[in-house]
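**Q** I have a structure here, written as structure tokens, and I will follow up with some questions on it.
What follows is calculated from the coordinates using simple rules that are stated; it is not laboratory data. This structure is a prediction, so every number in the text was calculated from the model and none was measured. Ideal geometry is used to build each Cβ from the backbone, glycine not excepted, and the neighbour counts take in all protein chains shown.
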Amino acid sequence: MTIFSQVNASKLSDTVTPGHTLPAALYISDEAFQIDMDVFFFKSWILVGFEADIPEEGDARVVDIGNASVLLVRDDDENVRAFHNSCRHRGSRLVEDRVEGISRFVCPYHQWTYDLEGNLVHAPHMGQTFDKTCHSLRPVNVRTAGGMIFICLAEDAPADIDEVLAELETRLAPFDLSNAKIAFDQTITEEGNWKLSVDNNRECYHCEGSHPELINTFVGLDIGFDPEDVSAEELRDYERHCIDAAAQVAEWEARGYVSHAIERYDGHETLLRTQRFVISGAGESHTLDGAAAVRKLLGENTDPKLGDLHIHLSNAWHHAFADHAVFSYLVPVSPTRTALRTVWLVNKDAVEGVDYDLEKLTEVWIATNQQDADLVALAQKGVQSFGYRPGPLSPFTERTVAVNQEWYLERLRAHGY
């Protein structure tokens with residue numbers, strides 16, 4: 001009998017040992033995958049794109065989540081809208097990937113035509129009495145904040161998104177990402193369950209051994225440490241660093257750059273963890289030397305040393321610097337495959353080859369994403385092997401993995417699993 005065939009008899013959380021990785025079935029079974037899709041990708045708010053994806057009126061982009069296909073649209077009033085990508089006649093897919101500068105959506109099957117607000121404006125051969133107002137495109141809940149686009153496929157979307165969006169808007173306002181442009185866009189497939197991808201992102205226990213490019217800009221002990229594993233001198237140095245970092249955070253906050261840590265897990269339907277960190281090296285950006293990659297800074301910023309604003313959401317993680325932002329989000333493809341999209345956002349007026357070198361801008365996170373994908377693939381092979389048993393998480397460097405998993409289980413219980 002599998003873990004999921006016992007769900008009706010006992011809560012799923014009863015099968016999980018706190019402070020440990022999850023049972024194998026949660027990473028590999030089709031039933032677990034369908035439950036995850038229902039709870040975390042259909043009934044919850046998720047990040048699915050950026051305003052820079054549809055910068056002009058008449059731009060539209062398709063996002064596929066499981067068996068749902070969603071159209072993100074910029075309408076004639078520059079509002080972001082979302083619709084199910086399905087004609088109201090016989091269900092044909094309206095758009096395959098993306099379109100730019102259109103005024104109407106025309107179904108390729110029978111030419112039913114919709115405006116950018118989703119209204120059916122033309123339905124040939126349907127007769128004089130046919131009421132077009134009853135056959136508009138089905139809307140999808142959509143909200144924006146800080147240049148990001150969120151959707152919820154459920155009709156009754158969680159209301160706590162308002163608190164999250166307000167916090168994101170405040171923290172990202174200085175970067176003006178709603179008016180930024182995408183300098184580079186990369187989607188890779190990680191050969192692992194989406195939760196393994198998230199677990200990997202929520203800790204940096206693995207960073208020193210796996211991310212030689214990224215750790216150039218990290219203060220090593222910031223990722224957590226076992227006090228018994230570091231020398232007295234290292235502890236004294238780190239204490240001085242913490243004092244200096246606290247002073248820097250206070251200075252940023254005094255200038256209007258909200259930086260203090262927030263962890264929003266327990267009792268919340270919509271997850272948010274965010275904090276601004278001091279950067280090592282030149283202290284400006286995630287590049288090999290820590291120096292800014294883009295000469296023209298984001299928004300109206302004039303100081304290149306604004307640290308690294310981390311943002312973690314249920315299916316996404318981001319880094320915003322004074323000169324650019326690296327935003328990533330994932331969408332599960334199957335129990336053992338996950339699509340990870342990363343975009344590099346820069347000032348809309350920045351010119352490649354003049355204001356920035358694309359290789360310098362992207363090399364750290366292109367390398368880091370691939371290294372993480374390799375680790376996730378190894379983890380997937382491990383959890384589906386016969387000998388796998390849930391292992392203990394480090395209380396020093398994997399605390400946020402444990403907290404994230406507790407939130408995951410809480411949401412499952414709230415939905416009856």
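**Q** Taking region 330-407, how much of its Cα-Cα pair set, in percent, is spaced more than 21 angstrom apart?
**A** 53 percent
**Q** In nm, to one decimal, how far is the residue 181 label point from the residue 96 one, both placed 7 Å along Cα→Cβ?
**A** In this crude label model, residue 181 to residue 96 measures out at 2.7 nm.
**Q** For the chain, modelled as a Gaussian network with Cα springs under 10 Å, which listed residue fluctuates most, 203, 233, 398?
**A** 233
**Q** Next question. Give the list, by residue number, of cysteines in the chain with no other Cys Cβ closer than 4.7 Å, or say none.
**A** That list is 134, 152, 242.
**Q** Nearest 500 deg cm²/dmol is fine: what mean residue ellipticity at 222 nm does the chain get from its DSSP H runs of n ≥ 4 alone, each adding -39,500 (n - 2.57), divided by its residue count?
**A** -7500 deg cm²/dmol
**Q** A follow-up question, please. Considering only 369, 67, 200, give the residue with the highest GNM mean-square fluctuation for the chain, with springs between Cα atoms whenever their separation is below 10 Å.
**A** So, out of 369, 67, 200, the one fluctuating most is 67.
**Q** What are the lysines whose alpha-carbon lies under 22 Å from the alpha-carbon of residue 360, with same-chain residues fewer than 8 places away excluded?
**A** 181, 296, 305, 348
**Q** So how do 149, 311 line up by other beta-carbon neighbours within 10 Å, fewest first?
**A** With the fewest neighbours first, 149, 311 line up as 149, 311.
**Q** OK, next. Whole-Hz ³J(HN,Hα) for each residue in region 17-32, computed from phi via Karplus 6.51 cos²θ - 1.76 cosθ + 1.60 with θ = phi - 60°, x for glycine and proline: what do you get?
**A** 8, x, x, 10, 5, 7, x, 4, 4, 6, 9, 10, 7, 5, 5, 4
**Q** Still on this structure: Would you mind checking which residues have amide H under 5 Å from residue 149's amide H? H placed 1.01 Å from N; only 5 or more apart, or other chain.
**A** 48, 49, 50, 51
**Q** At 0.36 nm per residue, minus the direct Cα-Cα distance, what do residue 67 and residue 265 gain on full extension? Give it in nm, one decimal, please.
**A** This chain segment gains 68.5 nm when fully extended.
**Q** Among 414, 306, 361, whose Cα projects farthest towards the positive end of the dipole of the chain, with charges put on the beta-carbon of Lys, Arg (+1) and Asp, Glu (-1)?
**A** 414
**Q** If each residue's Cβ is checked for other Cβ atoms within 10 Å, how do 242, 134, 107, 207 rank with the fewest at the top?
**A** Listed from fewest to most nearby Cβ atoms, that is 134, 242, 207, 107.
**Q** Follow-up. Rounded to two decimals, what is the ratio between the C-alpha radius of gyration of region 182-414 and 2.2 N^0.38 Å?
**A** 1.05
**Q** Okay, moving on. Among the lysines, which have Cα under 28 Å from the Cα of residue 43 when same-chain residues fewer than 8 positions away are ignored?
**A** Within the straight-line limit of under 28 Å, residue 43 reaches these lysines: 11, 195.
**Q** For the chain, what mean projected area does the convex hull of the alpha carbons give, in nm²?
**A** Mean projected area for the chain: 22.7 nm², to one decimal.
**Q** Related question: Roughly how many debye, to the nearest 20, is the charge dipole of region 182-414 about its Cα centre, given +1 on each Lys and Arg Cβ, -1 on each Asp and Glu Cβ, and no other charges?
**A** 880 debye
**Q** Mind listing the long-range amide H neighbours of residue 20? Cut-off is under 5 Å, sequence gap 5 or more, other chains count too, H placed in the peptide plane at 1.01 Å from N.
**A** Result for residue 20 returns 393.
**Q** Follow-up. How far apart, in nanometres, would the label points at residue 230 and residue 385 be if each is projected 7 angstrom from Cα along the Cα-to-Cβ direction?
**A** With each label point 7 Å from Cα toward Cβ, the separation is 3.2 nm.
**Q** Sticking with the crude label model, points 7 Å out along Cα→Cβ, report the distance from residue 414 to residue 358 in nm, one decimal please.
**A** Going by the 7 Å Cα→Cβ label model, 4.2 nm.
**Q** With +1 assigned to the C-beta of every Lys and Arg and -1 to the C-beta of every Asp and Glu, and no other charges, what is the dipole magnitude of the chain about the Cα centre in debye, to the nearest 20?
**A** Here the size comes out at about 1400 debye.
**Q** What ranking of 417, 109 emerges when the number of other C-beta atoms within 10 Å of each C-beta is taken as an exposure proxy, fewest first?
**A** Lowest to highest Cβ neighbour count: 109, 417.
**Q** Oh, and also: Please list the non-local residues whose amide H lies under 5 Å from the amide H of residue 122, H modeled 1.01 Å from N, same-chain partners needing a gap of 5 or more.
**A** When sequence neighbours closer than 5 places are left aside, the close amide H contacts are 113.
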